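As C-alpha cells, the structure follows; a few thoughts come after it.
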Amino acid sequence: MISRNLKLYFRDRTAVFMSMLTVLIIIGLYAIFLGNNMEEMFEQAAQKTTGITELVNTWVIAGILSITPVTVSLAVFSIKIHDEEQSIARSFAITPASRWRIVFSYIVSGIVASFLISLVTLVVGEAYIWLTGGAILPLDSWLSLTWIILINVFCCSSMMFFIASLVKKASSFSSVSTIVGTVIGFIAGIYLPIGSLPAAVQTIMKCFPFTYGASSIREIMTKEPLQQVFGGNSEALKATKEMIGVTIYWGEKTVTMTTSLLFLIGFALVFGILSVIIMKRQTK
C-alpha cells in the first residue's frame, strides 16, 4: 500500500507542483522584498554587512525545510480522500489488514515523500548558498540536520493525516490545504520573524510544533552564519537569535533542542493515535 500511494503521488505532476506552491511563494516574496527587509534588520543589529546575505539565505532555506513536510504530506494524503470518495477505503477495511496497518501505510507514504523532497530541498538550498558565496554545512551538521528533518517530517505528516481523517470530500480537502498552506508560513515564523510579533501572538505560535521544528533546523543551519555576522557581540547575537526564532523562550526558560524534538515526537504520537481512532469509527 505504501508503494501504491507513493506511485500515485509522484506520477501526478500537478499534485507535486501544488505541494511545492507555498515554497515557491515564499521564495518569490523574499526575492521581491522580504529578503531586503531581513538584510536591513541584520545590518542594523550587527552594524556590518559582511555575511548578511548568507545569513538571510540560510534562514529562509531553514524555514522552507521546516514547512515542506506540511504541504507535501497534505498532497500525499489527498489519496486518502480519493480512496474515501471511491469507497476504496472500505475495501481495505474488509481485508485482513488491520486499521493500524491502513493508517500506517498512509502516514508512512507521507513521511517518505516528505523526507525525500525535504532532502532534495536541502541539497538544492545548500548548492544555492555555495553558488552565492556561502559555506557548505560540515558533515556533522548534515547528519544532525537529517535526523531533525526526519523527526519534523514524522510530526507534520502525523498531524496532516489527522486533518485528512476529518475530511471526506476532495473539494473540502482542497480548501483545507489552501488554508493550511497559507497559514503555515506565519505559524512557522517565515513571513515575519517571531520576535517581531506581539507577545500574545508569539505565545500562540509557541503552542504549535511547527515553531519548534523551524527552530531546531535554524539552530543547525544558521550557527556559522550567525557567528560570522555577530561574532564578538554576544548581546546582539542572543537578541537576534530570539528575534528570528532560532532560540525559543517560555517565560525566562530557554527551550533546548532536545525539548523541541521531544515536543515534535509527542505531537506525532498523539495525532497518529487520534487518526487511528477516527479511521476505526469511519470504517465501522
Positions within the stretch 271-282 being touching a residue at least 12 places away in the same chain (Cβ under 8 Å) and not hydroxyl-bearing (S, T, Y), in sequence order: F271, G272, L274, V276, I278, M279, K280, Q282
field: Neighbours by Cβ (under 8 Å, 6+ apart or cross-chain): first from the stretch 239-250, under 10 Å from P193 (Cα atoms); second open to solvent by 60 Å² or more (accessible area, probe 1.4 Å) and hydroxyl-bearing (S, T, Y)
entry: M243/S196
message: I need a count of the residues in the stretch 1-18 that are within 28 Å of T132 (Cβ to Cβ) and either in contact with a Leu (Cβ under 7 Å, 6 or more places away or on another chain) or of a type in the set (V, I, T) (or both).
response: 1
message: I'd like to check something: does the stretch 263-278 contain any residue that is closer than 20 Å to A62 by Cα and β-branched (V, I, T)?
response: yes
- prompt: Would it be correct to say that V176 is surrounded by fewer than 22 Cβ atoms within 10 Å (Cβ to Cβ) and either hydrophobic (A, V, I, L, M, F, W, C) or over 20 Å from the mean Cα position of the chain (by Cα) (or both)?
  reply: yes
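Table: residues versus (1) in contact (Cβ under 8 Å) with a residue 24 or more places away in the chain; (2) hydroxyl-bearing (S, T, Y); (3) open to solvent by less than 70 Å² (accessible area, probe 1.4 Å).
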residue: L143; (1), (2), (3): no, no, no
residue: K168; (1), (2), (3): yes, no, no
residue: L197; (1), (2), (3): no, no, yes
residue: V201; (1), (2), (3): no, no, yes
residue: T211; (1), (2), (3): yes, yes, yes
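For (1) in a helix (DSSP H, G or I); (2) within 20 Å of I149 (Cα to Cα); (3) more than 18 Å from the chain's Cα centre (by Cα), each residue gets a yes or a no:
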position	(1), (2), (3)
I190	no, yes, no
T211	yes, yes, no
I220	yes, yes, no
Q227	yes, no, yes
message: When the residues of the stretch 24-59 are narrowed to those that are assigned to a loop (DSSP other than H, G, I, E, B) and not small (G, A, S), which ends up surrounded by the fewest Cβ atoms within 10 Å (Cβ to Cβ)?
response: Q47
field: Unique match (being small (G, A, S) and not in a helix (DSSP H, G or I)) among G185, G266, G232, G195
entry: G232
- request: Inspect the stretch 147-160 for any residue being within 18 Å of M279 (Cα to Cα), among the aromatic types (F, W, Y) and surrounded by 14 or more Cβ atoms within 10 Å (Cβ to Cβ) and give the result as yes or no.
  value: no
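The values are calculated or read from the model by the stated rules, or taken from the named source; none is laboratory data. The shown structure was predicted, so the numbers you read here are calculated from the model rather than taken from an experiment. Here Cβ is always computed from backbone atoms with ideal geometry, including for glycine, and neighbour counts include all displayed protein chains. Please note that ligands, DNA and RNA were not included when accessible areas were found on the heavy atoms of the full protein model with its side chains. Shrake-Rupley method; radii C 1.70, N 1.55, O 1.52, S 1.80 Å.
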